[in-house]
Amino acid sequence: MTAERPARPAPPPVPPLAGAACVAAATLFAYVPALRGGFVWNDLDYVTRPALRPLSGLLRIWFKVGATEQYYPVLHSAFWLEHRLWGDAPFGYHLVNVLLHAGSACLFAWALESLWRPEGAEPHPAPSLGAWLGAGLFALHPVCVESVAWISEQKNTLSTLCYLLAALAYLDFDARRGRRAYALATACFVLAVLSKSVAATLPAALLVAFWWRRGALSWRRDARPLLPWFAIGAAAGLFTAWVEHSVVGAQGGDFGLGPAGRLLVAGRALWFYLAKLLWPAHLAFIYPRWRIDPSRPASWAYPLAALALLGALAGWARRGGRGARAGAAAAFFFAGSLFPVLGFFNIFAFIFSYVADHFQYLACLGIFAAAAGAWRRWAGLPAARGAAAAVLLLLGGLSFAQARTYADVLTFYRASLERNPASWMSHLNLGVTLLDGGSPGPGTAEIREGLRLKPDNALAEYDLGTALFAQQDLPGAAAAYRKALELEPRYAKAHYGLGNVLARAGRMPEAIAQYEAALAAAPDYDEIRGDLGAALLAAGRADEAAEQFRRALAANPGRASLRESLGAALLQAGRSGEAAEALAAALSQDPDNPDLHYNLGIALAEGGRLADAIAHFGRAAELRPDDPDAQVNLAQALADAGHPAEAAAHCRAALRLRPGFPPAQALLARLPGGS
């Protein structure tokens, strides 16, 4: 008789709470540098802006395309709630991202174990050591750092959590065919798609999983229940593509790849992403943008090699069981989940690079599932467990180091340029950051370098105009803004910047025209309205100015300066009652502002409320004791109220501050006993 081969020892069981606690603790430790980090790049475009912070802002998030950076209403509702909890403090947003990532890793372990168990077994068994290895790979792999440490990519972490919840609920439905499980799965799927539309690939991913598990697909059992999901996913994907093209701006020469070029991008991107998973070195926020040339035969090596590999895996799968199908299933999941970002649809980020680590956050689950499935055959061996622990420790250390590049915005851009010196966007943004930090010379140099790397770039010209305007170089700033508008005639920010230059130069009619052009290009650009109102007021168009200040306030009700400007415009328009109301509201927000007290005194005096006017003029004089105007206006109000002696005293106080001050001399001469 032939001796039987001894069975490999089974790995020890892993209590679910212990496994989840280990994954959560390891994730938190790996992302400590990110938790300490601040906002980078476009984070503040995602953190809820002032116009959307009231309760009514939720309606705009859901029902107004363009109110947010992208139309992901579940994501922006989450940001809205988070802003209610901790405002603009970055720690809260970072913590939520890390916890969502850790939660997704734990759900991934449960999903793997559910798929690995035989048909008819308990739908959601406790994860084994192999499933927890898959969770650990996802939790600690440095390719995921970009999605977790970058606040804007909460769309990845939130949508993936909902995606995995939907998958688990659907696996329960697949086992028991219960309506409640199907409804729950569908609800989670919709939440995932409305957080980020890449989740629309889930129904296809489920079919891949069922094919791997069963070797064949049934129309009635497998495909038909997922038809509504395919319809939801297709609608979400097409709508997102339209938003990227028409609202975000993914159009123009930078996106003119053509069908052949798109195939080349897709083929090369697949190998790029796989390589970064297998050897996560030299990770960068913005990778070099490839030069795509379909006329070069060598360029076709990438897509042809990808097709050959997929074909070989599919052929191998037809000749074997679940083990043989595993490689093909992982490859199909990986490529299918990446499909929306492989270049077949325009994505605004392609203007910088055709690839990004955060694009494969969801897709990498397929490779980690294959790795964990292969390892579990050896999980009972101490050497295999030791090797897995070493890999996880290495990945965690790499993630810790990668997360440090998100410490602050300067570190972030400098790290990006260290890894990709030709990143024109990093040069531009570093330049703007240096300008904001009070380093105009180095900031302008960085912006000029970005413009050198990408000439005829409207964004770079706009940034250069902003830099020169900050240095009081009005002709240079105007030239840069005009160049930006030549390249992109409806560039709202460039119109706005040029309007600011013209207003600073005192050319109010031209400034007003530029502000109005900016609003025509971007009607929701409410920040412009305050400056437009100021220009209209300076041009003597007080009623129109007041209307702009009102609309600016509707978008940003917390700004006392806008209420002050509204009051000034109403005063100039002769609407003293409305002016007093606006100024009083501003004063409630800024009670020690002498200008507010002064202007409110004028409005009240014009309205005949002399006692109140005297009180506010007096407070203005207390807050600004060296201001002769406050003394004279207080004197005038006292004289009108029948207090000539006190009025004379304040006239003399004004003259001590400014000898020969005509208004004080004239009023004093009219007062009884004045001289």
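The table that follows gives values for the structure above.
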{"item": "Positive minus negative residues near V208 (Lys, Arg vs Asp, Glu; Cβ under 12 Å)", "result": "+2"}
{"item": "Anisotropy class of the stretch 270-325 from Cα gyration tensor, a/c 1.5 cut", "result": "oblate"}
{"item": "Alpha carbon centroid spacing (whole Å) that separates the stretch 92-118 from the stretch 343-402", "result": "14"}
{"item": "Two-site FRET efficiency, R551 against D590, from Cβ-Cβ distance with R₀ of 30 Å, rounded to 0.05", "result": "0.90"}
{"item": "Three-way shape label, the stretch 195-319, alpha-carbon gyration tensor, a/c 1.5", "result": "oblate"}
{"item": "Label assignment, volume of the Cα convex hull per residue in Å³ derived from the structure, set [x] 178; [y] 251; [z] 189", "result": "[z]"}
{"item": "Prolate/oblate/rounded label for the stretch 331-468 (Cα gyration tensor, a/c 1.5)", "result": "oblate"}
{"item": "Separation between Cα centres of the stretch 438-480 and the stretch 522-542, rounded to whole Å", "result": "25"}
{"item": "Accessible solvent surface per residue of the chain, calculated while the other protein chains remain in place, 1.4 angstrom probe, Å²", "result": "44"}
{"item": "Accessible-area composition of the chain, carbon plus sulfur, in percent [1.4 Å probe]", "result": "62"}
{"item": "Approximate spin-label separation W62-R84, in nm, with each point projected 7 Å along Cα-to-Cβ", "result": "1.3"}
{"item": "The chain: angle of helix 474-487 to the longest principal axis, Cα-based, in degrees nearest 10", "result": "40"}
{"item": "Most to least packed among 106-118, 474-486 [average Cβ atoms within 10 Å]", "result": "106-118, 474-486"}
{"item": "Length gained when the stretch L35-L671 is fully extended (0.36 nm per residue, less Cα-Cα span)", "result": "222.2 nm"}
{"item": "0 to 90° range, to nearest 10: angle between helix 644-657 axis and the chain longest Cα axis", "result": "70"}
{"item": "Per-peptide average of other Cβ atoms within 10 Å, ordering 209-219, 132-142 highest first", "result": "132-142, 209-219"}
{"item": "Simple label model, 7 Å out from Cα along Cβ direction - R452 to D626, nm", "result": "4.6"}
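The values are calculated or read from the model by the stated rules, or taken from the named source; none is laboratory data. It should be emphasised that the depicted structure is a prediction, and the values quoted were computed from it without experimental measurement. Note that we place each Cβ from the backbone using ideal geometry, even for glycine, and neighbour counts take in every protein chain shown. Areas reflect the complete protein model, heavy atoms only, side chains present, ligands, DNA and RNA absent. Shrake-Rupley method; radii C 1.70, N 1.55, O 1.52, S 1.80 Å.
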